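Just so it is clear, none of the values below were taken in a lab; they were calculated from the coordinates. None of these values were measured; they are calculated from a predicted model. We place every Cβ from the backbone using ideal geometry, glycine too, and count neighbours over all the protein chains shown.
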Amino acid sequence: GTAHLDELVSVIGPQLPPGAVGDLSRIFPWLRTLPTFVEPEEFSDPEVAQFRLFDAYTSYLKAIAGQAPLLVALDDLHWADKPTLQLLEHVARELSRMRVLVVGNYRDTDITRQSALSETLASLNRESGFERIVLRGLSRDEVAAYIRARANIEPRSQVLERIYEETEGNAFFLSEVVNLMAEEGTLTKDSVSDIAIPDGVREALGRRLNRLSQETNDLLQVAAIIGREFTYDTLTLLGERDEEELLRRIEEALDARVIEETEQAGRYRFLHAQMQETLLEELSTTRRVRLHGQVAEALERRYGDRGDERAGRLALHFSEAATLAPRFTEK
């Protein structure tokens, strides 16, 4: 503990600029216990004080890296405050002259163009040593390997396909779903029609939805009734919003990575099947049945003379709606 830190300071101290130890004590209070500690100079200009601190910390990293190459790991950068991110930007400017690798991770679903991290990423992108690695979901084979390692079983192909479809290979969703299915003993089944949403997944998805406006949540619940995929045309036929407002709501959901655009213009898809299920579970039975009727009529108008080609999909919505409105029974 302290003995090791004292030894570290004794080694790197001579390599630090004058006053750096005093400035660093704002971050490392234990430095005040050193016999050689001198109170840091006070500055009336907060920007000057911040620069001195950042410069002292950069010198500190450089001195450590002079002894051996250094790896700095930063977890959950999407939660970092602005001064911390400013320090990261300051250090990044000197990385090309140090044996230091900084690895940071963040959830892109938790940042917007207006967030402090978004500004920092734009700044870091100008540095020659900066590289961004996008991590997406696991493949089917990797999901199967995870299940084998976690539950010590070889999942049936239908069960594996259902788990992959529900989780999209998202590591957190996958671990929560597999844990729950292992507890329930459903991993050994030949097939699984429905997979329950674990509380951890529901809470994570709920937090993402909570960051959206109520109006966008309302729209997404209608989209969830339509299906995993839905179109702009179908939403316009429901007639509850003008086109400008509808586009704003869709763009808000896209920015939050709740939905994504498909290759076909005007067609969207929920990023995860679990997101669609979460939205559906929040609807009362009466509200859900009523929405099925509205969606069925909107799809019927959209398909027109081609309705017979989509009879199965229309029948699904009309049969749900008929439980509340008998006029849909014939449909």
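Listed values, structure above:
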quantity	calculated
CD proxy at 222 nm, helix term only [per DSSP H run n ≥ 4: -39500 (n - 2.57); per residue of the chain; nearest 500]	-17000 deg cm²/dmol
20 Å cut-off, amide nitrogen to a point 7 angstrom out along Thr285 Cα→Cβ, residues in region 316-331	316-329
Pairwise label distance in nanometres, Leu70 with Ala49, each label 7 Å out on the Cα-Cβ vector	2.4
Evaluated at q = 0.11, 0.16, 0.27 Å⁻¹: base-10 log I(q)/I(0), Debye formula over Cα of region 184-267	-0.39, -0.72, -1.44
Sorted largest first, extent of the chain alpha carbons per principal axis (Å)	89, 51, 33
Rh (Kirkwood; distinct C-alpha pairs) - region 172-315, Å	16.6
Net +/- balance of residues flanking Lys331 in space, Cβ distance below 12 Å, scoring K and R +1, D and E -1	-3
R0 of 45 Å, Cβ-Cβ distance Ala122-Ala311: FRET efficiency to nearest 0.05	0.35
Ordering of 259-268, 126-135, 55-64, 147-156 by packing [mean C-beta count within 10 Å, highest first]	55-64, 147-156, 259-268, 126-135
Two-decimal Rg/Rh across region 23-180, once Rg and the Kirkwood Rh are taken from alpha-carbon atoms	1.13
For region 256-327, radius of gyration divided by Kirkwood radius, i.e. Rg to Rh on alpha-carbons	1.02
Cα-based equivalent ellipsoid, region 108-151: semi-axes from gyration tensor eigenvalues, Å	33, 14, 7
Rounded to whole Hz, the Karplus (6.51, -1.76, 1.60) HN-Hα couplings of region 67-79, x for glycine and proline	7, 6, x, 10, 10, 10, 9, 10, 9, 6, 4, 5, 9
Prolate/oblate/rounded label for region 100-193 (Cα gyration tensor, a/c 1.5)	prolate
Overall Cα dimensions of region 72-136, principal axis frame, Å, largest first	33, 27, 19
Set of lysines near Lys82 by C-alpha distance (under 27 Å), chain-local residues within fewer than 8 positions excluded	Lys62
Computed magnitude of the charge dipole of the chain (debye, nearest 20; Cβ of K, R +1, Cβ of D, E -1)	400
Amide proton proximity set for Leu74, modelled H, under 5 Å, gap of 5+	Val103, Gly104, Asn105
Within a Gaussian network of the chain (alpha carbon springs, distance under 10 Å), most fluctuating of Glu165, Glu47, Glu94	Glu47
Cβ-defined net charge surrounding Thr236, 14 Å radius [Lys, Arg +1; Asp, Glu -1]	-1
Net charge of Cβ neighbours under 11 Å - reference Ala298; Lys, Arg +1; Asp, Glu -1	-2
